[in-house]
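Asks: Dropping the structure in here first, questions after.
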Amino acid sequence: MDDPAGAILIVDDHPESRLVLRAYLEHHGRRVYEASDGEACLTMARETRPDLIVLDLLLPVLDGWRTAEALRRDPTTEQIPILALTATSRPEQHERALRAGCDVVVTKPVRPAVLLSQIEALLARTA
């Protein structure tokens with residue numbers, strides 16, 4: 001967490017989604033890490049200690065809900081804000097994400113400026 005601009009870990013199983021989000025965030029001065037599933041997220045989060053995690057919920061290996069729970073149980077990652085970015089629009093799935101430890105849930109598709117404002121708000125709360 002030594003990057004003053006804030007490092008962000010993007011967790012999504014679709015390479016195109018990671019690529020687009022990475023390009024947008026890097027354009028706005030963020031350092032970006034990537035993971036393609038929940039297990040890789042846990043490893044990457046422990047190694048890089050990002051300032052925020054953008055987490056898809058519908059992931060292979062370990063889904064986003066269980067990943068969020070694991071992040072919250074780990075003293076190394078328990079304080080990292082989690083923004084769930086998901087295609088599921090069902091309210092019960094969003095509530096489950098919040099109970100699992102996500103700080104906010106944003107439904108895809110989302111305008112990039114809206115997503116960036118959500119990210120900035122979460123980072124400001126933890127600064």
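The values are calculated or read from the model by the stated rules, or taken from the named source; none is laboratory data. Quick caveat: nothing in here was measured; it's all calculated off a predicted structure. Please note: Cβ atoms are built from the backbone with ideal geometry, for glycine as well, and neighbour counts cover all protein chains shown.
Asks: Against the conditions (1) in contact with a Leu (Cβ under 8 Å, 6 or more places away or on another chain); (2) within 20 Å of LEU19 (Cα to Cα), where does ASP74 fall short? Just the number, please.
Replies: (2)
Asks: Next up: Condition first: at pLDDT 95 or above and touching a strand residue (DSSP E or B) at 6+ places or on another chain (Cβ under 8 Å). Now tell me which residues in the stretch 79-92 satisfy that.
Replies: Once the filter is applied, which keeps residues that are at pLDDT 95 or above and touching a strand residue (DSSP E or B) at 6+ places or on another chain (Cβ under 8 Å), the stretch 79-92 yields ILE80, PRO81, ILE82, LEU83, ALA84, LEU85.
Asks: May I pose another question? I'd like the residue in the stretch 73-127 that is among the basic types (Lys, Arg) and farther than 20 Å from SER36 by Cα and, out of all such residues, is surrounded by the fewest Cβ atoms within 10 Å (Cβ to Cβ). Steps first, please.
Replies: First, the residues of the stretch 73-127 that are among the basic types (Lys, Arg): 73, 90, 96, 99, 108, 111, 125.
From what's left, farther than 20 Å from SER36 by Cα: 73, 90, 96, 99, 111, 125.
On the way: ARG73: 10, ARG90: 10, ARG96: 18, ARG99: 11, ARG111: 8, ARG125: 10.
Ranking the candidates gives ARG111 first.
Asks: Ok, one more. Checking LEU52 against (1) crowded, with 19+ Cβ neighbours inside 10 Å; (2) closer than 12 Å to LEU85 by Cα, only one condition comes out false. Which one?
Replies: Result: LEU52 fails condition (2) only.
Asks: Give the residues of the stretch 66-121 that are closer than 21 Å to ARG30 by Cβ, under 13 Å from the mean Cα position of the chain (by Cα) and among the hydroxyl-bearing types (Ser, Thr, Tyr), sorted by residue number.
Replies: Once the filter is applied, which keeps residues that are closer than 21 Å to ARG30 by Cβ, under 13 Å from the mean Cα position of the chain (by Cα) and among the hydroxyl-bearing types (Ser, Thr, Tyr), the stretch 66-121 yields THR67, THR77, THR86.
Asks: Hey, any hits in the stretch 38-55 for a residue that's under 22 Å from HIS14 (Cβ atoms), modelled with pLDDT of 95 or more, among the β-branched types (Val, Ile, Thr) and more than 13 Å from the chain's Cα centre (by Cα)?
Replies: Initial filter on the stretch 38-55 (under 22 Å from HIS14 (Cβ atoms)): 38-45, 48, 50, 52-55.
Those still in the list that are modelled with pLDDT of 95 or more too: 38-45, 48, 50, 52-55.
Keeping just the survivors that are among the β-branched types (Val, Ile, Thr) gives 43, 48, 53-54.
After this cut, where a residue has to be more than 13 Å from the chain's Cα centre (by Cα) as well, the list is 43, 48.
Among the residues of the stretch 38-55, at least one is under 22 Å from HIS14 (Cβ atoms), modelled with pLDDT of 95 or more, among the β-branched types (Val, Ile, Thr) and more than 13 Å from the chain's Cα centre (by Cα), which makes the answer yes.
Asks: What are the pairs with Cβ atoms under 6 angstrom where one residue, in the stretch 13-25, is modelled with pLDDT of 95 or more and part of a helix (DSSP H, G or I) and the other, located anywhere, is surrounded by 16 or more Cβ atoms within 10 Å (Cβ to Cβ) and not hydrophobic (A, V, I, L, M, F, W, C)? Sequence gap at least six, or different chains.
Replies: So the pair list comes out as ARG18/ASP12; ARG18/GLU34.
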